[in-house]
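The values are calculated or read from the model by the stated rules, or taken from the named source; none is laboratory data. Predicted model only: the values in this text are computed from it and were never measured. As a convention, Cβ positions derive from the backbone with ideal geometry for all residues, glycine included, and neighbour counts pool all protein chains shown.
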Amino acid sequence: TPGYRSLAGRERLDDLLYLPQLNKHQIQTLATMTAAMFSSTFEKLCDGFGATDGELTMDVTLKAYQMLARMALHLHAMPPHYDALTTDKDRRNEPDTELLPGAILRLTCAEWWKRKLWLLRCEWREEQLRAACLVSRKTSPYLSQDALSEFRAQREKTRDFLKSFMLENEDGFTIDL
């Protein structure tokens, strides 16, 4: 979308435009850069909205969160607690400000962005493969070979992880997971 492209260009996150082609390591790097961009933007917004001497009011923090949430929506990532923290005109009650610190911390967390960007990458990649006719009734029904190999690799990693641990009860009886 135009908002996605303009945000990626304006914030020098050009890898967002090539998201389907990135691997896990590149996604991690991009997530770190995205989280840093959101963190610095939050600080600039708080200063711009009148936060004095590092003291934030809930009103200033809520305004800054709403701006960050709009930026996250441009990146096709649903911001945490977005519905509970919007201030629409037809809203019946006030936003729940207890959710605000956690929502801002998630928006500035590289791990949160890594999960969101990886999901977005997988969806975008699958759409590209469908458009290239690599997913159809004749070639590979339901999902692409790329997605199937990623799923199998993840399942194998999970199986190996569970095999490496054992449970032991009070009597000393052990069983592997």
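May I ask you to list pairs of residues, at least six apart or on different chains, whose Cβ atoms are under 7 Å apart, with the first in the range 11-32 being within 24 Å of Arg130 (Cβ to Cβ) and without any contact (Cβ under 8 Å) to a residue 24 or more places away in the chain and the second being outside any helix (DSSP H, G or I) and not β-branched (Val, Ile, Thr)?
Here the result reads Asp15/Leu22, each pair linking the range 11-32 to a residue that is outside any helix (DSSP H, G or I) and not β-branched (Val, Ile, Thr).
Just give me the residues in the range 86-107 being crowded, with 16+ Cβ neighbours inside 10 Å and either part of a helix (DSSP H, G or I) or on the phi > 0 side of the Ramachandran plot (or both), in sequence order. Break it down stepwise before answering.
Initial filter on the range 86-107 (crowded, with 16+ Cβ neighbours inside 10 Å): 95, 100, 103-104, 106-107.
Hits for the range 86-107 are Leu100, Ala103, Ile104, Arg106, Leu107.
Kindly check whether there is at least one residue in the range 86-95 that is touching a Pro at 6+ places or on another chain (Cβ under 8 Å) and more than 30 Å from Thr29 (Cβ to Cβ). Walk me through how you get there before you give the answer.
Keep residues of the range 86-95 that are touching a Pro at 6+ places or on another chain (Cβ under 8 Å), which gives 86-87.
Cutting the leftovers down to more than 30 Å from Thr29 (Cβ to Cβ) gives us 86-87.
Yes, the range 86-95 contains a residue that is touching a Pro at 6+ places or on another chain (Cβ under 8 Å) and more than 30 Å from Thr29 (Cβ to Cβ).
Is there a residue in the range 9-17 that is closer than 24 Å to Leu85 by Cβ and acidic (Asp, Glu)?
Yes, the conditions are met somewhere in the range 9-17.
So Arg12 passes all but one of these: (1) surrounded by 12 or more Cβ atoms within 10 Å (Cβ to Cβ); (2) among the basic types (Lys, Arg); (3) assigned to a loop (DSSP other than H, G, I, E, B). Which condition number does it fail?
Result: Arg12 fails condition (1) only.
How about the range 34-56: which of its residues are surrounded by fewer than 17 Cβ atoms within 10 Å (Cβ to Cβ), among the hydrophobic types (A, V, I, L, M, F, W, C) and either out of contact with any helix residue (DSSP H, G or I) (no Cβ under 8 Å at 6 or more places or on another chain) or farther than 17 Å from Ala69 by Cβ (or both)?
Ala36, Ala51
Enumerate the pairs (first residue in the range 150-177 and assigned by TED's automatic domain parsing to the domain that holds Lys24; second residue anywhere and aromatic (Phe, Trp, Tyr)) with beta-carbon separation below 7 Å, excluding pairs fewer than 6 apart on the same chain, so at least 6 apart or on different chains.
No pair meets every condition.
What number goes with the only condition from (1) part of a loop (DSSP other than H, G, I, E, B); (2) of a type outside the set (Ser, Thr, Tyr); (3) touching a residue at least 12 places away in the same chain (Cβ under 8 Å) that Asp83 does not pass?
Among (1) part of a loop (DSSP other than H, G, I, E, B); (2) of a type outside the set (Ser, Thr, Tyr); (3) touching a residue at least 12 places away in the same chain (Cβ under 8 Å), Asp83 violates only (3).
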